[in-house]
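Below is one structure, written out as structure tokens, with a few remarks after it.
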Amino acid sequence: MNARGGETFEAARARTEIEALLAGEVPVSGPTTDERQKYTGNWLASRGEGFVIAELWAGEDLHGVHGREWDAAEEQASGHLDALAAELDARWGGHEEVGMAVAVFRATAGEPVPPLYTELRRLDAFGDLRVWGPVRAPDGDADRWVGISANQIDGDTAHFLIAVVTDRPIRELEE
């Protein structure tokens, strides 16, 4: 993961990338597949039944970083998420918060969860989603839902932002 590590974050660029995902194809069915960088093999995106997930930004590796520096990296990721949410709120109106805790607990217990949540769990993208939808895809033919979240796999890895585009509502799973 973190194919985009060290890139400068720009909310307008991230919004444009989300709009491109929104205009693109979302698989109706089939297995989940990954898109990876050609030479590094780093993860770029996943496509599966009803969704596309893509990395928008990743911070610096945090190996050996503790205390204030680690807190600053977390605040940076949160700030980027807030800035992007403000861009999307201006475009589509206020967002909804969708928690991931129930999906994680259900999956950990071996209970079935929709493919989107299975993939988010596989990617260690446990951050609550800020969701807009339905929004009209640029081709005007389909309603889609868009979600963004900030995440971190463990204490030494970079924080990262992802975007989710689905052809079905993104809702918090029931307990």
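Hey, does the range 133-147 have a residue that's within 14 Å of A14 (Cβ to Cβ), at pLDDT 90 or above and surrounded by 15 or more Cβ atoms within 10 Å (Cβ to Cβ)?
Step one: of the range 133-147, the residues within 14 Å of A14 (Cβ to Cβ) are 146-147.
Filter once more, so that each one left must be at pLDDT 90 or above: 146-147.
Narrowing further to those that are surrounded by 15 or more Cβ atoms within 10 Å (Cβ to Cβ): 146-147.
Yes, the range 133-147 contains a residue that is within 14 Å of A14 (Cβ to Cβ), at pLDDT 90 or above and surrounded by 15 or more Cβ atoms within 10 Å (Cβ to Cβ).
Any chance the range 33-42 includes a residue that's over 13 Å from the mean Cα position of the chain (by Cα) and crowded, with 16+ Cβ neighbours inside 10 Å? No; the residues of the range 33-42 include none that is over 13 Å from the mean Cα position of the chain (by Cα) and crowded, with 16+ Cβ neighbours inside 10 Å.
Which is on the phi > 0 side of the Ramachandran plot, modelled with pLDDT of 90 or more and touching a Pro at 6+ places or on another chain (Cβ under 9 Å), of G50, G30? Don't jump to the end; show me each part of the working.
On the way: G30 fails: touching a Pro at 6+ places or on another chain (Cβ under 9 Å).
Residue meeting the stated conditions: G50.
For the range 44-91, filtered to residues that are surrounded by fewer than 21 Cβ atoms within 10 Å (Cβ to Cβ) and among the polar types (S, T, N, Q), the residue that is farthest from A150 (Cα to Cα) is Q76.
Is it true that some residue in the range 112-129 is of a type in the set (S, T, Y) and closer than 19 Å to G24 by Cα? No, the range 112-129 contains no residue that is of a type in the set (S, T, Y) and closer than 19 Å to G24 by Cα. Quick one: E97 ticks every box in (1) among the acidic types (D, E); (2) more than 14 Å from S149 (Cα to Cα); (3) modelled with pLDDT of 95 or more except a single one, so which number is it? Status for E97: all satisfied but (2). Screening D141 with (1) within 22 Å of A20 (Cα to Cα); (2) within 13 Å of the chain's Cα centre (by Cα); (3) among the acidic types (D, E) gives one miss only, at (2).
I'd like the full set of residues that are among the small types (G, A, S) and part of a helix (DSSP H, G or I), limited to the range 85-101.
From the range 85-101, those among the small types (G, A, S) are 85-86, 90, 93-94, 99, 101; that's our starting set.
If the condition is that a residue be among the small types (G, A, S) and part of a helix (DSSP H, G or I), then A85, A86, A90, A101 are the ones that fit.
Looking across the range 106-121, the residues that are free of Cβ contacts under 8 Å to residues at least 60 places away in the same chain and part of a helix (DSSP H, G or I) come down to A107, T108, Y117, R121.
Could you list, in sequence order, the residues of the range 6-23 that are touching a residue at least 60 places away in the same chain (Cβ under 8 Å), surrounded by 12 or more Cβ atoms within 10 Å (Cβ to Cβ) and within 21 Å of P138 (Cβ to Cβ)?
Going through the range 6-23, the residues touching a residue at least 60 places away in the same chain (Cβ under 8 Å) turn out to be 9, 11-12, 14-15, 17-19, 21-23.
From the residues that got through so far, the ones that are surrounded by 12 or more Cβ atoms within 10 Å (Cβ to Cβ) too are 9, 11, 14-15, 17-19, 21-23.
Within the range 6-23, A11, A14, R15, E17, I18, E19, L21, L22, A23 meet the criteria.
Among S46, S29, which is the only one that is closer than 30 Å to D141 by Cβ, of a type in the set (S, T, N, Q), out of contact with any Leu (no Cβ under 9 Å at 6 or more places or on another chain) and not in a helix (DSSP H, G or I)?
Details: S46 fails: out of contact with any Leu (no Cβ under 9 Å at 6 or more places or on another chain).
Exactly one of S46, S29 is closer than 30 Å to D141 by Cβ, of a type in the set (S, T, N, Q), out of contact with any Leu (no Cβ under 9 Å at 6 or more places or on another chain) and not in a helix (DSSP H, G or I), namely S29.
The values are calculated or read from the model by the stated rules, or taken from the named source; none is laboratory data. The structure displayed is predicted, hence computed values, not measured ones. All Cβ positions, glycine included, derive from the backbone under ideal geometry; neighbour counts span all protein chains shown.
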